[in-house]
Amino acid sequence: NIENWNASKVTEIGQMFGSVGYNAQSINIKMQNLKFSSLQSMAKAFWGLGYSAKYVMIDAANVDISNVTNLDNTFRMVGSSASSTVRINLTNWNTSKVTTMNETFYYIGISASSVYISGVEGFNVASVTSMNQTFYLCGLNSSLYINLGGWIVPKVTSHTNFNYGVQSKIIEPVW
């Protein structure tokens with residue numbers, strides 16, 4: 001539980017949780033309401049977290065990321081070989097300054113029976129220019145369903161393989 005950390009001066013958290021709990025039975029990160037008011041990049045922050053855990057939970061609801069511009073690979077391969085459940089709560093994230101979201105949710109929980117990513121439908125992605133492979137094979141073998149048809153993406157110039165392999169699970173925005 002890191003909810004009470006003073007993270008107001010942190011500017012970059014690349015690989016902060018990368019590969020944590022690689023072979024653990026379960027991973028439960030609680031960081032709701034954390035204030036990252038100076039944070040600019042979350043690139044690779046959770047890459048590979050709980051790779052082969054049975055259960056992976058990241059509760060990051062209400063985390064202040066209001067100055068973040070880079071979400072590349074942030075949750076890449078989280079719980080990739082998880083056999084049961086991957087849950088990521090991103091409710092109330094202020095993503096209005098984000099410009100890159102390449103491979104953000106790439107390969108999450110590909111083997112898990114249940115994958116839930118809450119809050120992502122409400123992301124403000126109006127400043128994003130690049131969304132290559134953002135949801136590539138995300139939740140492939142699960143009941144995951146996310147409708148991003150409401151995303152407004154006026155600046156996106158590149159979105160190659162945005163939801164590759166999971167087109168029926170991840171409904172993409174109107175480009």
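The values are calculated or read from the model by the stated rules, or taken from the named source; none is laboratory data. Fair warning: this is a prediction, and the values are worked out from it, not measured in the lab. Glycine gets a Cβ as well: all are built from the backbone with ideal geometry, and neighbour counts include every protein chain shown. Ligands, DNA and RNA are stripped out before the accessible areas are found, and what is left, the full protein with its side chains, is counted by its heavy atoms. Shrake-Rupley method; radii C 1.70, N 1.55, O 1.52, S 1.80 Å.
Whole-Å semi-axes of the stretch 1-141's equivalent ellipsoid, largest first, each the root of 5 times a Cα gyration tensor eigenvalue?
22, 17, 12
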For the stretch 79-122, what mean projected area does the convex hull of the alpha carbons give, in nm²? 3.2
Lysine pairs in the chain with Cα atoms under 26 Å, if 8 or more residues apart or on separate chains: 16
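Relative contact order for the stretch 1-78 using alpha-carbon pairs under 8 Å, separation at least 6, rounded to a whole percent?
Numbers: 206 pairs, mean separation 28.5, N = 78.
Computed value for the stretch 1-78: 36 percent relative contact order.
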Hull volume in cubic angstrom per residue (convex hull over the Cα atoms of the stretch 66-175): 75
Using 1/(1 + (r/R0)^6) with R0 = 35 angstrom and r between the beta carbons of V174 and N94, what's the FRET efficiency to the nearest 0.05? 0.95
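Relative contact order, percent, of the chain when contacts are C-alpha pairs under 8 Å separated by at least 6 residues?
On the way: 583 pairs, mean separation 28.2, N = 175.
Averaging sequence separation for qualifying contacts and normalising by length gives 16 percent for the chain.
Excluding ligands, DNA and RNA, what is the solvent-accessible area per residue of the chain at a probe of 1.4 Å, expressed in Å²?
Details: 7520 Å² over 175 residues.
I get 43 Å² per residue for the chain.
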Within the accessible area of the stretch 62-120 (1.4 Å probe), percent carbon and sulfur: 39
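Explain nothing, just the number: dipole magnitude of the chain about its Cα centre with +1 on each Lys and Arg Cβ and -1 on each Asp and Glu Cβ, in debye rounded to the nearest 20.
Numbers: 10 positive and 8 negative charges, 25 e Å.
The dipole of the chain has a size of about 120 debye.
Taking every DSSP beta bridge that has both residues in the chain, what percent is antiparallel when rounded to the nearest 5?
Details: 0 of 23 bridges.
Of all bridge pairs located within the chain, approximately 0 percent are antiparallel.
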